[in-house]
Structure formats: C-alpha cells, structure tokens
Amino acid sequence: MKTYINTKLQQVITDRFICPVCKQKAYINNSVVKCSNIECGINFPIVKKIPILINEDDSIFSIKDYINKPDNIVISKINIKNIAKRIISFSPSLSNNLSSKNNFILLNNLLSTKIKPKVLIIGGASITTNTDMIINPNNIVVESDVSIGPRTQIIIDGHHIPFENDTFDLLIFQAVLEHVADPYKCVQEAHRVLNNDGLIFAATPFMQQVHMRAYDFTRFTHLGHRRLFRAFNEIESGVFAGTGVALGWSIRAFVNSLIRNKYFRFILSTIVSFLFFWLKYIDYITHNNKGTFNGASGFYFIGRKSDKVLSDKELIKLFKGY
Ligand SMILES: [Zn+2]
C-alpha cells in the first residue's frame, strides 16, 4: 500500500487522514485516498506519490490542476527566468529573520519531553527560514503545501486540514497566514488538529508589501496576531524582522511604483538591494524598542493550545508599542 505514497508519510500519519470535505475517516485505497463516508465517498488522487487532500468547494485550488499540470502548481515567491534568478542570487537581500533560529531551538526544547512528536508544517514545499532545524530523527515531520515542491509530502489547504482532532504536537505557519483567504479559519483548524498541549508557531508579516502576486491577502499588528491565536497561551512572541527591513522593502516598493516597465522595475529593485541592504542590520539594535512594535516588518508567536480564550480586555493590556 505504501508504494503509492511518499515514504516519508508514515503510517502513524496516514492512519489519521480524514476527508477534507465531510471530515469523516479517509484511508489509502490503492492509488487514491478514499473517504469512508458512503454519502460523500470522494476519491482523492495521489499525484507523484503526493495525496491531494483539497476541499474544492472551499479552496482557491482545484484538484484537476494537480492532475493536469502538477509542475505548474509551484507558486514560487519569485516567478522569474533563470538569468534574473542568477542576478538576484548575487544581490544582497533586504530581508533578515532575527528570531527564527532561536524560535526553532525553543520549539525543539519544548518538544524534547515527547517521544516521536508529530509536527505539521503548512507551507513546507521547500525549506524556508530554518525549518530544517525541526526536521530531525526525533520528530515525525509532515511537510505540506498547496504546491508541489521538492519537500511536499501532501497537498492540503489550511482551511480544511485533513487530519483527525488531536493529531499533532506542533504546527508551523511560517510566512503562510498572509497567503490564506481566511487566517482565522486556518488557525481554528490548527487548534483542532493539535493535541491538548500542542504547540503553534507562526511568523506573519505586518509592514510588508504584496508578495506572491494574487496569493497575498492579510497583515497583522503584534496584537492582531496575538488575537488570531487567542485560543492559545503565549509562550513567546516578538519581532522577526524590524523597521529596517520594513524600510528597505518600502524603498523598493516606492521605486517600483514609479516605473511601469517590468524589466526596469527589476533593474531598479536590484540597485535598491545594493544601496539599502544594510538597513536590515539596524533591526538587531532596535527590535525590542516600542517604536519597532508600531512599524516592524513582521511578528512571530509561539503558543500552547488552551481551552480558554484570551479576552479582548486582556489583549489590549499586552500592547508593546507607543
Ligand atoms: Zn468525505
């Protein structure tokens, strides 16, 4: 049976599949994942050994797209030709993540009390900022995405996570929640599939311009982000990229807004990178300042599933800006 699916998807994971449409048990049946509910009975295809567990009634994505053109479903952050990729690889980045290394050290420490904890990465088609730190023999890691990338084990849409309640010990949304249509629904689903003491880690932008083209919908202040995770107890939260990164991105966006020709925009973006890459280093000095909470590029949150909900009265007491 296992030969039909990616061998990284262990049986302890596939045994907990549910149908993303009717939420009843689903199981691998030869070359499909089959919903066990007779009235629903959907067969979800397995493409390139990757189960496509999408609820098409409530998703931007359609199952037929994965069958017809699986290689085109890669929603790349930078959708450009090879020569441009080479230039970008030479030019210094305007971005820098201050916290992710420490975030993953903390998460691994928090998981170390468990035997073979299960981790679900949403948006894990490729290794992004330090996610490889959580991929080690101690953890059972499920790398999911809406696109087929080098690391994708399963296609899922965060609005309908196709796993039973209380399945995972950690769920990761790194630079993902701005790209989902309804982040509140995705976090509710995360809460459902986490164990009672399950952990959540999210890093989400605040002062960032549109990226990934049409697939970019929402931004969060520090408190807006805390409210998104109101059904979790906070372990730690803060700035992952500060006002230096935000300013670099803003200069690039300003310059890009002056130019209509996409090739000139690309050239000017590259020049901005060389002129202003150093702004990101200022974040190391300012990331805890009050003003940074008013204007940071983005915030992270690490929390533990709770059965209590943080009230909005309690929420506003947590304001760290000015
Ligand atoms: Zn079903």
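Working carefully through the options 50, 63, find the one that is more than 16 Å from the ligand (Cβ to nearest atom), hydrophobic (A, V, I, L, M, F, W, C) and touching a strand residue (DSSP E or B) at 6+ places or on another chain (Cβ under 8 Å). Result of the check over 50, 63: 50. Just one of the listed residues (187, 193) is among the β-branched types (Val, Ile, Thr) and under 26 Å from residue 293 (Cβ atoms), and it is 187.
Identify, by number, the condition in (1) within 17 Å of residue 190 (Cα to Cα); (2) under 16 Å from the mean Cα position of the chain (by Cα); (3) not small (Gly, Ala, Ser) that residue 162 doesn't meet. So residue 162 meets the others, but not (2).
The set of residues from region 38-47 being aliphatic (A, V, I, L, M) and either exposed (fewer than 14 other Cβ atoms within 10 Å of the Cβ) or near the ligand (Cβ under 9 Å from one of its atoms) (or both) comprises 38, 42.
Restricting region 148-186 to residues that are crowded, with 19+ Cβ neighbours inside 10 Å and among the hydroxyl-bearing types (Ser, Thr, Tyr) leaves a set whose member that is farthest from residue 16 (Cα to Cα) is 152. Test residue 299 against the stated conditions and say whether it is touching a helix residue (DSSP H, G or I) at 6+ places or on another chain (Cβ under 7 Å), not polar (S, T, N, Q) and not in a strand (DSSP E or B). No, not satisfied.
Pull up region 242-259, narrow it to residues that are among the small types (Gly, Ala, Ser) and assigned to a helix (DSSP H, G or I), then point me to the one that is nearest to residue 98 (Cα to Cα). Can you show your working first?
Step one: list which residues in region 242-259 are among the small types (Gly, Ala, Ser), which gives 242, 244, 246, 248, 250, 253, 257.
Add one more test, that the residue is assigned to a helix (DSSP H, G or I), and what stays is 244, 246, 248, 250, 253, 257.
Details: 244: 11, 246: 13, 248: 15, 250: 19, 253: 22, 257: 28 Å.
So the residue we want is 244.
Residues being in contact (Cβ under 8 Å) with a residue 24 or more places away in the chain, assigned to a helix (DSSP H, G or I) and closer than 26 Å to residue 171 by Cα are entirely absent from region 260-278.
Taking every residue in region 18-37 that is over 19 Å from residue 6 (Cβ atoms) and near the ligand (Cβ under 8 Å from one of its atoms) and pairing it with any residue that is in a loop (DSSP other than H, G, I, E, B) and among the small types (Gly, Ala, Ser), at least 6 positions away or on another chain, the pairs with Cβ-Cβ distances below 6 Å are 24/36; 35/41.
Bear in mind that the values in this text are calculations on the coordinates, not laboratory data. This structure is a prediction, so every number in the text was calculated from the model and none was measured. Cβ atoms come from the backbone with ideal geometry, glycine included; neighbour counts cover every protein chain shown.
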